[in-house]
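Take a look at the structure set out below.
The values are calculated or read from the model by the stated rules, or taken from the named source; none is laboratory data. Because the structure is predicted, anything quoted here is derived from the model rather than measured. Cβ placement follows ideal geometry from the backbone for every residue including glycine, while neighbour counts extend to all protein chains displayed.
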Amino acid sequence: MEGNMRARPTMFDDLAALPDWWQKIDEDPAWQKYSFTGLAVGYGVLALVALVQLVRIQMRVPQFGWTTQKVFHLLNAFVCILRCVVLAMRDEVQTLRPPALQAVLLDLPGLLFFSTYTLLVLFWAEIYHQARSLSTGALRPAFLAFNALVYAAEVALWLVAGLVHGDNVAGLVRVMSCAFLAVVSLAAAAGFLIYGGRLFLMLRRFPIESRGRRKKLYEVGCVTAVCSACFTLRALIVAWSAVDAEDADLDVLDHPLLNFVYYAACELLPSALVLYILRKLPPRPAAQGYQQIPVR
């Protein structure tokens, strides 16, 4: 929703305002233009990297279908392409009517980002349960159900924002949406800490006998740290946006520095690090089938 629809909450009236240099950057038209352009370029580069990695994986194991690794890179590329287009056309998006359409374009990539990276949590949970000889049958349905609930709740907020008019209602819906996204982000961070941490500790109990096992331990530990940190930071910034519409509205052009920090620290940098950490291609499948015994 647009920032001018909401008044700053009275509980923040006595707090110190943002520094003067921050406010000068917010009012600078060059920052408002080039910060979003720079973010769009960054997302475009990441989309290209994810697509190249997807093609490389498909060429390595063409006989396998849509594995978790392939779906992860495809969703990553789709999120980055969508972000790139929206940020590159930020001026046009800002003038879209009804305002609910703006919310869809700005919030949908964030939801897809959540689904993309919680897919890693599902993958790790399945590995952990299999290693512990526990049932994995409920993990995938629980993942799908939780994602469906998240999308349904956000769609309901979009519909309310589009059908019900009035500044007070718009402000309330926007606060509810930010609070909901903050809770969802914290849930994602908790998922990474729980299953990433469990898998990391389980791998540490095994003797590190090979370079491959050391690399897997490194991958799990680094991805867990990066993703839990980025989702926690996302939750904090979104929660700040919910309670301080004047200084922390992410849906307007007037806060270019905050938007740059938010998208760079919560999506761009974590995605780049994860893509780098998980750059290794799957091993080539061993030759199978009947092998004729040579006649001597």
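Points worth noting:
- L257 meets the conditions (1) in contact (Cβ under 8 Å) with a residue 60 or more places away in the chain; (2) in contact with a Leu (Cβ under 8 Å, 6 or more places away or on another chain) in every case but one. The failed one is (2).
- Matching entry among Y128, Y117 (being closer than 23 Å to V238 by Cα and in a helix (DSSP H, G or I)): Y117
- Any hit, segment 68-83, residues being modelled with pLDDT under 90, surrounded by fewer than 14 Cβ atoms within 10 Å (Cβ to Cβ) and either within 24 Å of L273 (Cβ to Cβ) or among the aliphatic types (A, V, I, L, M) (or both): yes
- Leading residue by the ranking (surrounded by the most Cβ atoms within 10 Å (Cβ to Cβ)) among those in segment 239-256 that are in contact with a Ser or Thr (Cβ under 7 Å, 6 or more places away or on another chain) and assigned to a helix (DSSP H, G or I): P256
- Residues that are of a type in the set (A, V, I, L, M, F, W, C), at pLDDT 80 or above and surrounded by 12 or more Cβ atoms within 10 Å (Cβ to Cβ) do not occur anywhere in segment 1-24.
- Residue match in segment 152-161 (condition: crowded, with 18+ Cβ neighbours inside 10 Å and under 23 Å from A50 (Cβ atoms)): no
- Exactly one residue out of F260, F200 is crowded, with 16+ Cβ neighbours inside 10 Å, under 30 Å from A156 (Cα atoms) and of a type in the set (F, W, Y), and it is F260.
- Candidate set from segment 131-156 (those that are touching an Asp or Glu at 6+ places or on another chain (Cβ under 9 Å) and in a helix (DSSP H, G or I)); member that is nearest to R198 (Cα to Cα): L139
- Long-range neighbours under 6 Å by Cβ, at least six apart or interchain, first residue within 13 Å of Y151 (Cβ to Cβ) and surrounded by 14 or more Cβ atoms within 10 Å (Cβ to Cβ) within segment 95-114, second of a type in the set (F, W, Y) and modelled with pLDDT of 80 or more: V104/W158
- Residue under evaluation E267, criteria (1) modelled with pLDDT under 80; (2) crowded, with 20+ Cβ neighbours inside 10 Å; (3) of a type in the set (D, E), criterion not met: (1)
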